[in-house]
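Structure record follows, encoded as structure tokens.
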Amino acid sequence: MTALDPNTPVLSDIETPALVVDGTLLAANIERMAAAARRAGVALRPHAKTHKSPDIARRQLRVGAVGIACATIREAEDMIAAGIPDALITSPVVGGDKVRRLVELHRRSAVMLTVDHPSQVDDISAALGSNDMPLALLVDVDIGQARTGVTSAEECLALARHIQAAPRLRFVGLQGYAGHVQHIIAAQERRQAVHEAGAVLRACADRLKADGLAPTVISGSGTGASTFDLDGGCYTELQVGSYVFMDADYGRLRERDGAPLPYENALFVLATVISINRAGQVTVDAGTKALAVNGPPPDIIIGVPGGSSYTFAGDEHGTIRLPPSAAAPTLGSHVLIGATHCDPTVNLHDGYHVASGDGMLAYWPIVGRYRSTTPQAPLKRAAFPASR
């Protein structure tokens with residue numbers, strides 16, 4: 001549990017709502033996952049879609065990560081621009097502008113890409129120039145989420161062959177992400193789902209090997225599945241993300257012994273109490289524009305009596321229900337609210353206020369958020385009839 005005090009002087013001047021990170025717990029989470037991967041002899045490629053922070057990516061690389069994973073071309077561009085090397089883009093890159101940007105990125109830094117259709121391969125190959133180094137591609141395999149990926153071992157083999165035959169491309173391996181597995185609460189049920197997903201990926205790898213195309217990289221997994229995938233799974237590298245922060249959803253998961261996952265909640269939204277007029281309730285200035293809504297209600301609220309509960313009350317508001325007879329926080333005081341779902345909560349903010357144990361505060365920007373790269377024509381002033 002964090003030792004942060006929402007009303008400590010170091011947080012007092014921050015405009016709320018704002019993201020606050022416990023730097024001590026963040027560092028412990030990063031090291032704990034890195035140590036687990038080292039013990040298992042599996043490479044770590046943390047997913048930057050969780051934190052979108054070059055500062056956090058550097059800390060992950062510093063303790064042994066082989067590179068990072070990025071969900072979008074924008075994330076990869078911004079991470080590489082900040083000096084973060086070796087990015088795997090985990091979603092297909094489709095469309096002329098994005099393919100052009102991918103090629104430009106490949107010319108500046110080490111990049112790998114996942115594909116799940118021959119036309120994607122053809123478009124990327126055609127965009128590369130004769131002097132370009134070969135671009136490494138992974139075949140994305142649907143291992144149960146039904147989102148992206150090839151859907152059979154034969155389709156996987158055909159696409160791998162297509163990559164190998166394409167100019168300026170090289171097949172290096174497979175990606176299999178079981179997003180449907182990550183949030184299964186009971187450990188035994190989650191373990192069984194991990195095994196079933198892995199079996200699909202192994203079948204693809206075996207079919208490729210039999211054809212002389214044995215994958216050198218098998219990338220995937222996630223925070224919820226990582227314990228089982230590190231324990232004899234089929235992956236050569238793990239794309240874990242949420243372990244750095246944790247959230248209300250991951251907080252419900254259990255290990256084999258019934259204990260929670262071995263990572264601490266390090267991410268919070270700092271909010272201000274703005275109304276105290278109702279008995280047993282206060283209102284804060286953090287609503288759906290500060291906290292993602294696609295997760296369970298926040299399970300941690302610091303700065304109010306134990307047993308309090310948070311409810312969304314609109315775009316800019318949340319209400320905190322207090323236990324009977326509990327003393328209400330004062331008007332203008334601060335509270336720290338644990339994240340509902342960390343990834344989309346991060347995407348709502350521009351940066352992190354990172355508090356360390358010695359009372360120091362740093363600001364780390366958030367990058368890789370959606371923004372248009374299409375040049376916009378100047379707006380024409382509408383012609384209105386002269387008033388009479």
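Each reported figure results from applying straightforward, stated rules to the coordinates on display, with no laboratory input. Given the structure is predicted, the values throughout are model-derived calculations rather than measurements. Positions of Cβ are backbone-derived with ideal geometry, glycine not excepted, and every protein chain shown enters the neighbour counts.
Positive contributions from Lys and Arg (+1) and negative ones from Asp and Glu (-1), summed over other residues with Cβ under 12 Å from the Cβ of Met1, come out at -3. Remark on Ala178: its backbone amide H falls under 5 Å from those of Ser221, a criterion applied only to residues 5 or more positions apart or on other chains, H modelled at 1.01 Å from N. Against the chain, whose longest principal axis is taken from its Cα atoms, helix 187-210 shows a tilt of about 20°. By the rule of a second cysteine Cβ within less than 4.7 angstrom, the chain holds isolated cysteines at Cys70, Cys234, Cys342. Of Ala71, Ala339, Ala328, which is the most mobile in a GNM of the chain whose springs link Cα atoms less than 10 angstrom apart? Looking only at Ala71, Ala339, Ala328, the largest GNM fluctuation is found for Ala328. The spacing between segment 1-79 and segment 236-287, judged by their C-alpha centroids, is 15 Å. Contact order for segment 118-195, expressed relative to its length and based on alpha carbon pairs under 8 Å spaced 6+ residues apart, stands at 34 percent. Would you work out if segment 1-118 is rounded, prolate or oblate? Take a ≥ b ≥ c from the square roots of the eigenvalues of the alpha-carbon gyration tensor; rounded if a/c is under 1.5, else prolate when a/b is larger than b/c, oblate otherwise. The shape class here is oblate. For the pair Asp132 and Ala203, the difference between a 0.36 nm per residue extended length and the Cα-Cα distance amounts to 22.3 nm. Using a cut-off of 15 Å between beta-carbons, work out the net charge of the residues near Glu155 (Lys and Arg +1, Asp and Glu -1, Glu155 not included). Around Glu155, the charge tally is -4.
Axis angle, to the nearest 10 degrees, between helix 118-127 and the longest C-alpha principal axis of the chain: 90 degrees. The relative contact order of the chain comes to 20 percent, based on Cα pairs under 8 Å that sit 6 or more residues apart. For segment 23-252, the residue among His117, Ala35, Leu208 whose Cα projects farthest onto the positive side of the dipole built from Cβ charges is Ala35. From the Cα gyration tensor of segment 23-252, with a ≥ b ≥ c the square roots of its eigenvalues, which class applies: rounded if a/c is under 1.5, or else prolate if a/b is larger than b/c, or else oblate? Here segment 23-252 falls in the oblate category. Nearest-5 percent of antiparallel DSSP beta bridges in the chain? Percent antiparallel among DSSP bridges in the chain is about 45. Counting every other Cβ atom within 10 Å of each residue's Cβ, Cys70, Cys234 order from fewest to most as Cys234, Cys70. Which label marks the calculated value of P(r) over Cα pairs in 20 Å bins from 0, in percent, given the options (1) 28, 55, 17, 0; (2) 26, 51, 21, 3, 0; (3) 28, 60, 12, 0? Comparing each candidate, only (2) matches the computed number. Listed by Cβ neighbour count within 10 Å, with the fewest neighbours leading, Phe245, Phe312, Phe171, Phe268 appear as Phe312, Phe171, Phe268, Phe245. Remark: the chain carries a charge dipole of roughly 680 debye about the Cα centre, counting +1 on each Lys and Arg Cβ and -1 on each Asp and Glu Cβ. Placing +1 on the Cβ of every Lys and Arg and -1 on the Cβ of every Asp and Glu, with no other charges, gives segment 23-252 a dipole of roughly 580 debye about its Cα centre.
Using only side-chain charges placed at the Cβ, +1 for Lys and Arg and -1 for Asp and Glu, the dipole size of segment 225-368 relative to its Cα centre rounds to 580 debye. Could you identify which residue out of Pro92, Pro324, Pro297 has the top mean-square fluctuation in a GNM of the chain using Cα springs shorter than 10 Å? Comparing Pro92, Pro324, Pro297 in the GNM, the peak value goes to Pro324. For the chain, the longest principal axis of the Cα atoms and the long axis of helix 153-165 meet at an angle of about 70 degrees.
Our summary gives segment 1-119 a relative contact order of 18 percent, counting only alpha carbon pairs under 8 angstrom and 6 or more residues apart. Working note: 222 nm ellipticity from helices only, DSSP H runs with n ≥ 4, each -39,500 (n - 2.57), summed and divided by the residues of the chain, gives -8000 deg cm²/dmol to the nearest 500.
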